[in-house]
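Structure first, commentary second.
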Amino acid sequence: MSGPPRTAALFHGILLVLVAGGLAGCNVAVDDAAAAANPPSQSLSPALIAQGKRIFRFDTFGDEQQWTDRLRMHEVVETVPPLTALAVGLKVDAEALPPGLLANADLDDPATTVALLKLDAVVGLKATVDADNRVKRLGITCALCHSTVDDSLAPGVGRRVDGWPNRDLDPGAIIALSPAVPAAAKAVYTSWGPGKYDPRFNIDGLNTPLVLPPAYGLRHIRNETYTGDGRVSYWNAYVAVTQMGGHGNFADPRLGIAIRQSPDLVTPKLPALRAYQLSLAAPRPPAGSYDAIAARRGRPVFARNCMGCHVGATGTDNNGGKLHLPAETGMDGAYAARTVNKAYRTTPLRGLWQHPPYFHDGSAATLADVVAHYDATLRLRLTPAQRRDLVEYLKTL
């Protein structure tokens, strides 16, 4: 077995825990399988979308090999009561619950968690529960990080809302519960906090976590990564194999990654998964969530100062392939330095009201912070009134 180089011996052990096995030195072209699953003219048929919805919500790609066999998280969830699970951002699908179940359940009892898993009601978790109510196998799905609920029944309990980033989720804290994770790695995981994840920590051993991005509004987006590494299916394959631990193939010589596993439970599902993601529209801002008069004033401010990069209906110049060095926009370049292109894509403007914090690293807590950052970095010389109006316009996107 061979794999990407490690920056320290410690992270070799972390890799064995966190990356699905089967690394082999093969010369697979970057994005070959993903490109085949991502043709620009692919029809988004209702049947394909429905298939992709099932994959997005319930398919683990065989990642039980990581979450059960390596991390032993099936043992952990049996000890976690629902109130603790909700506290780390896990969500419950109310539509999967029998009437009155939560009203009569003990939310301090881990047995209730097992009952919820048995019902497929915990968003993003897929469990096999035996007749004695023991969790035998546990895996995760795309929905863990890229779905939430509308809180219609209780905080953290409601109807699924797919494509919305779960900014309440604390992935690092969850991974750190594993008895198989070394103490040094636990310290890194617990440092991330809610809504953040580092998708390269187990590859290079460095630590610059990103905010979980939305998976909606992708229909006309060329590259769905902060750094423009590849298209939607490229990123789906990368995450499914190298992060979720799915049983499949992913190769990118640019990153020194070549993972081969048979059978490949990832690549054949990429077209349907992509179709469902592309079908998810960005949410419209709620009525009364912005000042309409100020937003009208803010639109020409945006046109004069922002549309050079936030181009057209997609709100990104990356659809033309453009990337920006960190210094151009005043961004921290630590994450970009770990990627193929060493630069950042202009983030598409989609559902901005819904997913603070902003920027790849979450360094802007509010849209007002975003405007203030660019006003200073680009020397826009906006007046306080223009800043306020621009914020109101951004809320409409």
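Each reported figure results from applying straightforward, stated rules to the coordinates on display, with no laboratory input. Note that the structure is predicted; figures quoted are calculated from it, not measured. With ideal geometry, Cβ positions are generated from the backbone for all residues, glycine too; neighbour counts draw on all protein chains shown.
Normalising the average separation of contacting C-alpha pairs (under 8 angstrom, six or more residues apart) by the number of residues puts the relative contact order of region 292-394 at 38 percent.
The phi torsions of region 46-54, fed into the Karplus equation with coefficients 6.51, -1.76 and 1.60 and a -60° offset, translate into couplings of x, 5, 5, 4, 5, 5, x, 4, 5 Hz, rounded to whole numbers, with Gly and Pro shown as x. Both radii were evaluated on the Cα set of region 114-178; the Rg over Rh quotient, with Rh as the Kirkwood radius, amounts to 0.99.
Straight Cα distances below 19 angstrom link residue 53 to the lysines 91, 126, 269, with same-chain residues fewer than 8 positions distant left out. Do you know the relative contact order of the chain, to the nearest whole percent, from alpha carbon pairs under 8 angstrom that are 6+ apart? 20 percent. Close amide-amide hydrogen proximity is noted between residue 169 and 195, each under 5 Å apart and 5 or more residues distant or on a separate chain (H modeled in the peptide plane; Pro and chain starts excluded). Across region 105-115, coupling constants 3J(HN,Hα) worked out from phi with the 6.51/-1.76/1.60 Karplus curve, θ = phi - 60°, read 9, 8, 7, 9, 9, x, 4, 5, 4, 4, 4 Hz, and Gly and Pro carry x. Here region 43-88 and region 361-397 have alpha carbon centers that stand 37 Å from each other. Largest GNM mean-square fluctuation across 263, 179, 253, computed for the chain with C-alpha springs under 10 Å, falls on 263. In the elastic network of the chain, a GNM with C-alpha springs shorter than 10 Å, the most mobile of 209, 283, 271 is 283.
Just so you know, the Rg over Rh for region 93-252 is 0.98, from Cα atoms, with Rh as the Kirkwood radius.
Other residues whose C-beta falls under 13 angstrom from the C-beta of residue 289 contribute a net charge of 0, scoring Lys and Arg +1 and Asp and Glu -1. Normalised by residue count, the chain yields a Cα convex hull volume of 147 Å³ per residue. Can you give me the long-range amide H partners of residue 210? Hydrogens built in the peptide plane at 1.01 Å from N, cutoff under 5 Å, separation of 5 or more residues or another chain. Placed amide hydrogens put 197, 198 under 5 Å from residue 210.
The sum of -39500 (n - 2.57) across all DSSP H runs of n ≥ 4, divided by the residue count of the chain, sets its helix-only mean residue ellipticity at 222 nm to -9000 deg cm²/dmol. With θ taken as phi - 60° and the Karplus curve 6.51 cos²θ - 1.76 cosθ + 1.60 applied, the whole-hertz 3J(HN,Hα) list for region 63-79 is 7, 4, 4, 8, 6, 9, 5, 9, 8, 6, 6, 5, 6, 5, 5, 5, 9 Hz, x standing for glycine and proline. Per-residue packing, averaged as other Cβ atoms within 10 Å, sorts the ranges 121-127, 155-161 into the order 121-127, 155-161, beginning with the highest. Of all the options 138, 273, 177, the one that moves most in a Gaussian network model of the chain with Cα springs shorter than 10 angstrom is 177. Sorting 365-376, 191-202, 323-334 by average packing, meaning the other beta carbons within 10 Å per residue, from highest down gives 191-202, 365-376, 323-334. Around the amide H of residue 251, modelled in the peptide plane, lie the amide H atoms of 31, 259, all under 5 Å away and 5 or more residues distant in sequence or on another chain.
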